[in-house]
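**Student:** Below is the structure I would like to discuss, written out as structure tokens.
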Amino acid sequence: MLYHLFEFLHDKYDMMGAGLFRYITFRAMVATILSMAYIGIFGKPIIQKLQKLQMGEIVRNLGLAGQMEKQGTPTMGGIIIIGAVVFPVLLVADLTNVYIQLLLITILWTGAIGFLDDYLKRVKKNKDGLSGKFKIIGQIGLGLIVGVTLVTNSDVKVRQFSENIDRSKPVVKLKEGVDFQDVKSLETTVPFLKHNTLNYSQLLHSETISHIAYVLLVIFIITAVSNGANITDGLDGLAAGTSAIIATALAIFAYLSGNIIFSDYLNIMYIPNSGEISIFATALVGACVGFLWYNAFPAQVFMGDTGSLALGGVIASLAIVLRKELMIPLLCGVFLIENLSVIIQVFYFKYTKKKYGEGRRIFLMAPLHHHYQKKDIPEPKIVTRFWIISILLAITTILTLKIR
């Protein structure tokens, strides 16, 4: 809103200082500050309100050190994170940008799914919360919205330069000897390859089939990453800290992909209007870091499914709109490992029970962070080590821009 106001004041009255809001870097920093300020102002009152409403965590005794001390800690703190992202984005981002609109829909949609799950558990005393079937339906619905929008919206384009352009269509001259076209395309980025783009349409040789396949891929990614973040949310500060690191890397990708100079220098895909995404990403970083003020060990509030599903869903959507979805296994490696640890544990238990008549386990407990708790490693040390791994993965992901 402020962006549009200052844009009007700059164009209409040439107001001094209003032009600052045209700079993405300025607005990205303001978004981070506003996000953290939001949590500083509203965080404690929201936590107190959750306590008053008796939205305390119900802990099932799994024999983990310090576990029962968390009984009654307010949950549903994800509403703090969502507010801390939406508030600055509404103020300083370009709300006409299709990517911003998609990301706002994503965080509110997945947050609503998580909120309903937390509500059923805490208020309606339904220990299972929202049925897994309904969660999946909700995630599929969001995947359809994101996938179909990216396929059909006329503002979603990539820029192709001289050697790749279709000369039968209008061409724009960037400089002497360099022409370009902004075109609809299902191109994406492939890490570690010299010519690091892949066009899904060329793989399937049919526009209709490739569009359907792409939408299905988007649905799968959003479902997988949101559930991965949900599973990771098991220790104080683990999901919030890991998400902050991932969002930082995505903010860098957004700025580079939306900047014609840097994208040309790094030889990466230029995505028109994608620089605006960095404002959303930096607001997300600020929200996650700010939330750690209350969520770091020992936590005063848990994000609950409201927060974890929202974080996972919006991280997946950020990667997809930036055409970096094939980097998710590396960038979101902690989410992936946590997810795989559960899948492997369940599969191996069922396999050994069928074969030997007795179920056996690979990990002491799944997901993986509980395995280390069972080994009597202090919770803050586990969280810090997972953060370190996430930082290394994020740096490696950024390095793929040059390592080919």
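**Student:** So for MET327, MET1, MET36, what's the accessible-area order with a 1.4 Å probe, most first? Numbers along the way, then the final one.
**Tutor:** Values: MET327 5, MET1 120, MET36 85 Å².
From most exposed to least exposed: MET1, MET36, MET327.
**Student:** Can you bin region 233-280 into rounded, prolate or oblate? Criterion: square roots of the alpha carbon gyration tensor eigenvalues sorted a ≥ b ≥ c, rounded for a/c under 1.5, prolate for a/b above b/c, oblate for the rest. Working shown, then result.
**Tutor:** On the way: a/c = 4.65, a/b = 2.87, b/c = 1.62.
Here region 233-280 falls in the prolate category.
**Student:** Here is a follow-up. By how many nm would the segment from PHE349 to TRP293 lengthen if fully extended, with 0.36 nm per residue of separation less the alpha-carbon distance? Could the numbers behind the result be given before it?
**Tutor:** Numbers: separation 56, 0.36 × 56 = 20.16 nm, distance 3.85 nm.
Gain on extension, PHE349 to TRP293, equals 16.3 nm.
**Student:** Scan around GLY77 for amide H atoms under 5 Å from its own, H built in the peptide plane at 1.01 Å from N, and keep only partners 5 or more places away or cross-chain.
**Tutor:** When sequence neighbours closer than 5 places are left aside, the close amide H contacts are PHE302, MET303, GLY304.
**Student:** Sticking with this one: Helix-derived [θ] at 222 nm for the chain: sum -39500 (n - 2.57) over DSSP H runs of at least 4, divide by residue count, nearest 500? Working shown, then result.
**Tutor:** On the way: 15 runs with 253 residues, N = 404.
It comes out at -21000 deg cm²/dmol, rounded to the nearest 500.
**Student:** Give the Rg/Rh ratio for region 186-327, taking Rg as the radius of gyration of the Cα atoms and Rh as the Kirkwood radius, to two decimals. Could you put the intermediate results ahead of the total?
**Tutor:** Details: Rg = 16.7 Å, Rh = 16.2 Å.
Rg divided by Rh gives 1.03.
**Student:** To the nearest 10 square angstrom, how much accessible area does HIS370 have with a 1.4 angstrom probe?
**Tutor:** 30 Å²
**Student:** Of the listed peptides 104-110, 345-351, 230-236, 311-317, what is their order by residue-averaged count of other C-beta atoms within 10 Å, with the highest listed first?
**Tutor:** On the way: 104-110: 22.3, 345-351: 14.1, 230-236: 24.6, 311-317: 31.7.
Those peptides, ordered most packed to least, come out 311-317, 230-236, 104-110, 345-351.
**Student:** Around ALA224, with a cut-off of 12 angstrom between Cβ atoms, what is the net charge of the other residues, counting Lys and Arg +1 and Asp and Glu -1?
**Tutor:** Here the charged neighbours net out to -2.
**Student:** While we're looking at this one, here's another question. Apply the a/c threshold of 1.5 to the C-alpha gyration tensor of region 69-171 and tell me whether it is rounded, prolate or oblate.
**Tutor:** Numbers: a/c = 4.00, a/b = 2.25, b/c = 1.78.
Prolate.
**Student:** Follow-up question, since we're still on this one. Ordering SER154, SER35 from largest to smallest accessible area (1.4 angstrom probe), what's the sequence?
**Tutor:** Values: SER154 75, SER35 0 Å².
Final ranking, largest accessible area leading: SER154, SER35.
**Student:** What order do you get for 270-282, 354-366 when each peptide is scored by the mean count of other beta carbon atoms within 10 Å, highest first?
**Tutor:** Numbers: 270-282: 25.2, 354-366: 12.7.
In decreasing order of mean packing, 270-282, 354-366 become 270-282, 354-366.
**Student:** Go through ASN227, GLN139, GLN373 and say which Cα lies farthest out towards the positive end of the charge dipole of the chain; charges sit on Cβ, +1 for Lys and Arg, -1 for Asp and Glu.
**Tutor:** Ranked along the dipole, the leading option is GLN373.
**Student:** Another one. How are the C-alpha pair distances of the chain spread across 20 Å bins, as whole percents from the shortest bin up?
**Tutor:** Computed distribution, short to long bins: 26, 55, 18, 1.
**Student:** Round to the nearest 10 and report in Å² the accessible area of ASP264, as given by a 1.4 Å probe over the protein chains' heavy atoms.
**Tutor:** Solvent-accessible area, nearest 10 Å²: 110 Å².
**Student:** Cα gyration tensor of region 310-398, axes a ≥ b ≥ c as square roots of the eigenvalues: rounded (a/c below 1.5), prolate (a/b > b/c) or oblate? Show your work: numbers first, answer last.
**Tutor:** Details: a/c = 3.02, a/b = 1.58, b/c = 1.91.
Since a/c reaches 1.5 but b/c is at least a/b, the shape of region 310-398 is classed as oblate.
**Student:** Let me ask something else about it. Over the Cα atoms of region 315-355, what radius of gyration and what Dmax do you get, in Å?
**Tutor:** Considering region 315-355 through its Cα atoms, Rg and Dmax are 14.6, 46 Å.
**Student:** Hey, which of these cross-link pairs are over 30 Å Cα-Cα: LYS125/LYS355; LYS49/LYS324; LYS355/LYS375; LYS49/LYS127?
**Tutor:** LYS125/LYS355; LYS49/LYS324
**Student:** Which helices, counted as full DSSP H runs in the chain, have an axial Cα extent of no less than 18 Å and a Kyte-Doolittle average of -1.0 or above?
**Tutor:** Details: long enough: 24-52 (40 Å, 0.84); 78-92 (22 Å, 2.97); 98-122 (35 Å, 1.00); 132-152 (30 Å, 1.43); 207-232 (37 Å, 1.40); 238-257 (29 Å, 1.78); 277-295 (27 Å, 1.61); 304-321 (26 Å, 1.49); 333-356 (33 Å, 0.43); 379-399 (30 Å, 1.42).
Result, helices passing both filters: 24-52, 78-92, 98-122, 132-152, 207-232, 238-257, 277-295, 304-321, 333-356, 379-399.
The values are calculated or read from the model by the stated rules, or taken from the named source; none is laboratory data. Owing to the predicted nature of the structure, the values given are computational and were not obtained by experimental measurement. Here the Cβ is made from the backbone with ideal geometry for all residues, glycine too, and neighbour counts use every protein chain on show. In case anyone asks, the SASA skips ligands and DNA or RNA and just uses the protein heavy atoms, side chains included. Shrake-Rupley method; radii C 1.70, N 1.55, O 1.52, S 1.80 Å.
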